[in-house]
Ligand SMILES: Cc1cc2nc3c(=O)[nH]c(=O)nc-3n(C[C@H](O)[C@H](O)[C@H](O)COP(=O)(O)OP(=O)(O)OC[C@H]3O[C@@H](n4cnc5c(N)ncnc54)[C@H](O)[C@@H]3O)c2cc1C
């Protein structure tokens, strides 16, 4: 109650900046366990001098109290808009010394509180978004850069990251913290397969550069590691030559029959850059679309008859269109912008379900799920997806692959559904969380592994089971790099 009163008092002050405005009386009162912006408030520990700013006003804290899911609300006590990596290191040290939780937040596009905390510090990583260098050896970027920003800068030099998430208005560090699956280029694996080096602020507030050869335990814990051992502030990433144009082929499956089989045929034959499936709710069923991406080499257009052979539909049933490479990379951004305008998509409740499967399990799981789900329960905007990714044999234990099977391919099954009206909608969320729990239980029995971007209630025991054989190594890295367990409490792992 006292905490609440104090917070409301703070909210009446418009904006409290740190050292940049010379406001000395900003800090944290350990006795009251609250952030303080008033020297009259009693004894408290002052913040270190910062290049950026600390925001304690209610609007800034409220903006970082929700994510794309609109299911969980947790209000931080303070928001850091860093002006430098040094700011992050200083504030993590300040918080670690006092046991204050710290969350790194990219675009907040995970959907179940992963980037949130109660009364701790949220660091807005978008404040650091410099592209330091781009060249044939790779890109050197701040963690807060968006994938679409890197694409634009790299494409101007004829280069590109090997693969993108479907939506590219996500921070580089945010997707490296989960894995980074690509609907358009799954043959190139995951985004975390293409990282040369990271600069990380650990939970001790040290700034460390890590790679497969240097602080390798930290590097492994950071890739797909939900920020549990460190905050990724800078990354060196692979770049490859970019094609000027991409061709997209699309098949429609009115009842879904044959769709997953065709996806597997195309994917595992390895002749296309990427292929994935979507299902949208329609009057009587979910209607499937198989979307295939092929680079267009100037002077030598793709041979659709050959590439699309041997599927349940003839190549002539496909529609085809070409896009410039940047338009192809950003096409989901345009779709999301349209859904925002039409449905207020940004504010809909999104109880997403996301699980990886081995190749031999994806077809049965998808068919069973489609048979169970009633399309009438799924509001406009909702979509089911299956996205393949090749297992490249890169060692990233914090990203949990599904059980290995006879092919090097794994398949991400997503239910990206949403409420019909802007949230919150606790009854809808509860119902869908129950659905997710049941689907996850079934997925586990066939070796499925959670992709932790969605909405699934997990206990600590569930997390330990999720990490399986990798748990002792992950826990050791946590104890070494974040011994006070202050970093990124959102997922509830430690
Ligand atoms: C419309 C839409 C489309 C999407 N499409 C895809 C897709 O095609 N493929 C795919 O793989 N995913 C996809 N996602 C999921 C997305 O990759 C994840 O939600 C990703 O984490 C979002 O990045 P973010 O910058 O919003 O991260 P946030 O949600 O802000 O953070 C995610 C997690 O990482 C931590 N974190 C954030 N920044 C850092 C950092 N700098 N260092 C350490 N930890 C950090 C956070 O604390 C949190 O636990 C999509 C999401 C949306 C909303």
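Some points to look at:
- Sites residue 372 and residue 420 - FRET efficiency at Förster radius 30 Å, r taken between beta-carbons, to 0.05: 0.90
- Annotation: the antiparallel percentage among DSSP beta bridges lying fully within segment 102-150 is about 50.
- Rounded tilt (10° steps) of 426-445 against the dominant C-alpha axis of the chain: 60
- Each Cα pair under 8 Å and six or more residues apart adds its separation to the average, and for segment 245-452 the resulting relative contact order is 25 percent.
- Ordering 449-457, 464-472 by mean Cβ neighbour count within 10 Å, with the highest value first, yields 449-457, 464-472.
- In degrees, nearest ten, helix 259-269 long axis to first principal axis of the chain (Cα): 90
- Contact order normalised by residue count of the chain, Cα under 8 Å, 6+ apart, percent: 16
- The protection proxy used here, the mean number of other Cβ atoms lying within 10 Å of each residue, ranks peptides 128-135, 392-399, 180-187, 69-76 as follows, highest first: 180-187, 69-76, 392-399, 128-135.
- Overall form of segment 134-223 per C-alpha gyration tensor (a/c, 1.5; a/b vs b/c): prolate
- Gap separating the Cα centres of segment 154-225 and segment 362-381, nearest whole Å: 32
- Taking the C-alpha atoms only, the angle from helix 359-372 to the longest principal axis of the chain is near 80 degrees.
- By average C-beta atoms within 10 angstrom, highest first, the peptides 373-380, 29-36: 29-36, 373-380
- Reciprocal mean inverse distance between Cα atoms of segment 454-494 - Kirkwood radius, Å: 10.9
- Euclidean distance between Cα centres, segment 117-139 to segment 410-465, Å: 28
- Whether the chain is rounded, prolate or oblate, judged on the alpha carbon gyration tensor where a/c under 1.5 counts as rounded: prolate
- FRET efficiency, residue 169 to residue 132 (Cβ-Cβ, R0 25 Å, nearest 0.05): 0.75
None of the figures in this text is laboratory data; all of them are computed from the coordinates on show. This one's a predicted model, so the numbers in the text were calculated from it and none came from an experiment. Backbone-built Cβ (ideal geometry, glycine too); neighbour counts: all protein chains shown.
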